[in-house]
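Student: Sending over a structure as structure tokens; questions will come in a sec.
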Amino acid sequence: MNKITRRIPNIMGTQHPDNASVPFFKQSRSPFISAYKEVDEAFSNFSTLDTDEYMWDWEGKHADSAVIDRLYSEHYAYFKKNQLGRDKFLTFRLPNIWEEKGYSLMQAMATILSAEDFAKDLAFDQRPLFEAILPMAQTAEQLIEIEDKFAKLANFKSAEFTSGSNNTARLDMIPLFEGFDTQLNAPQILKKYLALYEKTFNRPLEYLRVFLAGSDSALSNGFMNSIIGNKLALTRLAEFSDQVDLPVFPIAGTGSTIFRGGLSPRWIKRYLEEFPGLKTATVQSAFRYDYPTDQVKSAIKELRTGLQSSQPVSMTAAEQTILINVAEKSAHYYHETLDQLIVDLQPIFDAFPKRRDRRQHVGILGYSRQVDGYKMPRAITFTGSLYSIGVPPEFIGFGRALMSLNAKELAIFIQHYPNLKHDFTHLARYISQDALASLSAKNPAWLEVKKDIDDMQAILQFEIGPQSAKEEENDRLAFDLVKVIDAPTRTLLIEKQALLRGFLG
């Protein structure tokens, strides 16, 4: 297999707005981070936390197109020593033009090209921006089309606007596979992509970076389905890498809640056990800002070391088939129940506090993720809302699915989810039985969630309810939240709970 010369980043900071606390780099008391402050945030993540990579997000949000100008101008000495594109990496997540209006796509591409010009003028060795993430990737053709558009724009700029120096007409794409089926079929999509790439650009690829979503897959099909999908994808990507003799470096988009992957400074060992073969992890806002900075820095070092030595787990075809069937069962229970709860949750979604400058989720500039025809909020809002009413979303559909498994299915599932008891014993501390009883009195569909909890308790033998003073206060606030009717009070209660939990969503 080919050896590559570039450094593969292990730690990717992102702009996911899941923090409860004020970020360490801010002087104000507000946890909200404006688009303008995100350049300061990126630099602080490189210089203070020593993240390897930072995602600059153009998908559904406002992005500062002057990011490279500002980083180089304000921190020249740092980036002369720690060059972007060689030592540190800034990676754009582009808008998906098949899902949202592509107004900012050309702006993002032009920023990549002008960044190359600026770096040359400063006599830097490396092109600072050379990779981009395509969210919600579905086909090989989509990846080729984005790369082709970039090449055409680069050639046009070189011919018409650049004096004495041509731009590099190449942008390496990182597909972000979000749904269960897309993750499962990633090798087939990538095999076609490799063939199309060589045919279109007359050159082979040296390696692939592949991004697996954790949050949106859980939102779409439930936690059990999502975690199985991630595990199967990691195994299948490793098999694909061996088959085509090409290095493949998986990235996982995971947050600090277990529903969204469970990457917390407290649980690095647990995370590495659950995502074998992973090479890049996303440390999102809650990871970076809801713990003491020294603890975060230490956790990043531990995580980096673990990822560098992480090896994929092989599975037989029979094991994979069993896990696919288990995932399908759990998705059925999740959808069946969630459809009946969405109306009750909508007022909580509407009151959920904001942490970033985002475009409207639905409208001219945005797009809508839907589950069973319902317009859903983003995964952080969904997750945080359910935690706030004392119903951790991990339980929805999970208990009944687990109870339905036969002995062989259960054994295979437990084998590949070694922290099952650890995770749900922890999650049970955030269940508010009073809040759940209040919700169930108004809508009997919540009793299905109670059955999920009861089934899990019967199998795993954990205690339900708070085990500390902070968790007891969180429990009381959850009961208050399901009773209040005005949005400002709801928002205030959610904010208080987030600080007690150590994450927003």
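The values are calculated or read from the model by the stated rules, or taken from the named source; none is laboratory data. These numbers come from a predicted model, not from an experiment. With ideal geometry, Cβ positions are generated from the backbone for all residues, glycine too; neighbour counts draw on all protein chains shown. Surface accessibility is based on the protein's heavy atoms, side chains included, excluding ligands, DNA and RNA. Shrake-Rupley method; radii C 1.70, N 1.55, O 1.52, S 1.80 Å.
Student: Please go through segment 316-344 and give me each residue that is under 16 Å from N185 (Cα atoms) and either more than 23 Å from the chain's Cα centre (by Cα) or outside any helix (DSSP H, G or I) (or both), ordered by number. Explain how you work it out, then say what you get.
Tutor: Here is the first cut: in segment 316-344, the ones under 16 Å from N185 (Cα atoms) are 317, 320-321, 323-325, 327-328.
Passing the criteria: A317, Q320, T321, N325.
Student: Same structure, new question: Report, ordered by the first and then the second residue, all pairs with beta carbons closer than 9 Å, sequence separation of six or more or different chains, a first member in segment 138-159 that is within 15 Å of E116 (Cβ to Cβ), and a second member that is open to solvent by 80 Å² or more (accessible area, probe 1.4 Å) and in a helix (DSSP H, G or I).
Tutor: L153/M106
Student: Among residues belonging to segment 393-408 that are touching a residue at least 40 places away in the same chain (Cβ under 8 Å) and surrounded by fewer than 24 Cβ atoms within 10 Å (Cβ to Cβ), point out the one that is nearest to S432 (Cα to Cα).
Tutor: Filtering segment 393-408 for residues that are touching a residue at least 40 places away in the same chain (Cβ under 8 Å) and surrounded by fewer than 24 Cβ atoms within 10 Å (Cβ to Cβ), the one nearest to S432 (Cα to Cα) comes out as R400.
Student: Cβ-Cβ below 9 Å, separation at least six or inter-chain, first residue in segment 289-313 and touching a residue at least 60 places away in the same chain (Cβ under 8 Å) and closer than 10 Å to L49 by Cα, second among the hydroxyl-bearing types (S, T, Y) and surrounded by 13 or more Cβ atoms within 10 Å (Cβ to Cβ): which pairs?
Tutor: Final answer for the pair search is T293/T48; V296/Y289; K297/T48; I300/T51.
Student: Taking segment 435-446 as the region of interest, how many residues are surrounded by fewer than 16 Cβ atoms within 10 Å (Cβ to Cβ) and part of a helix (DSSP H, G or I)?
Tutor: Qualifying residue count for the region: 4.
Student: Still on this structure, I have one more. If I ask for residues that are open to solvent by less than 60 Å² (accessible area, probe 1.4 Å) and basic (K, R), which ones from segment 301-349 would you list?
Tutor: The answer is R304, and nothing else.
Student: For segment 4-31, which residues satisfy the criterion of being open to solvent by 50 Å² or more (accessible area, probe 1.4 Å), touching a residue at least 12 places away in the same chain (Cβ under 8 Å) and either under 19 Å from the mean Cα position of the chain (by Cα) or more than 17 Å from R355 (Cβ to Cβ) (or both)?
Tutor: Answer for segment 4-31, where residues must be open to solvent by 50 Å² or more (accessible area, probe 1.4 Å), touching a residue at least 12 places away in the same chain (Cβ under 8 Å) and either under 19 Å from the mean Cα position of the chain (by Cα) or more than 17 Å from R355 (Cβ to Cβ) (or both): just R7.
Okay, residues lined up against (1) modelled with pLDDT under 95; (2) part of a helix (DSSP H, G or I); (3) surrounded by 21 or more Cβ atoms within 10 Å (Cβ to Cβ):
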site: L410; (1), (2), (3): no, yes, no
site: P418; (1), (2), (3): no, no, no
site: K470; (1), (2), (3): no, yes, no
site: F503; (1), (2), (3): no, no, yes
